[in-house]
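Heads up, the thing below is written out as structure tokens.
The values are calculated or read from the model by the stated rules, or taken from the named source; none is laboratory data. Bear in mind that the values here come from a model prediction, so they are computed numbers and not experimental data. Here the Cβ is made from the backbone with ideal geometry for all residues, glycine too, and neighbour counts use every protein chain on show.
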Amino acid sequence: MKKFWIKKAMMFLLILIAAMVVFGFVVMGLWNAILPAVIGVKTISFVQALGILLLSKILFGGFGGGRWRGSSAWKQKMKQRWDGMSPAEKEQFKSEWKNRCGHRWGSYSEEKETNQNTVQ
């Protein structure tokens, strides 16, 4: 059983290294083919391309902390909580978020609610 997990770990490590090499060469090739001619920057090496990949992951991708955003389970949980609120609790919730996020937060939801009441 122990050999099985060691083989799995080695395979994962091999795939990870192969992916880093491939993505590094892709970034380096695209950078060197496009950017020097378009905006006049210098060409980069493979190691610099790996650094750019790491920097972009830090700046734009994070390291796995934002996976809950946009998940359907989270949205459904929030919808259930909203549906379970009384009208007074909904108004209190809206006013609290208006205070936190500014006046423009509630404008869309209020317009939508007003339009729904008009149609009915």
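Assorted remarks:
- Some residue of the range 77-84 being at pLDDT below 85 and charged (D, E, K, R): no
- When the criteria are applied in full, Gly29 meets the requirement of being under 27 Å from the mean Cα position of the chain (by Cα), surrounded by 11 or more Cβ atoms within 10 Å (Cβ to Cβ) and modelled with pLDDT of 85 or more.
- Considering residues of the range 33-76 that are among the polar types (S, T, N, Q) and either touching a Gly at 6+ places or on another chain (Cβ under 8 Å) or part of a loop (DSSP other than H, G, I, E, B) (or both) only, the residue modelled with the lowest pLDDT: Ser71
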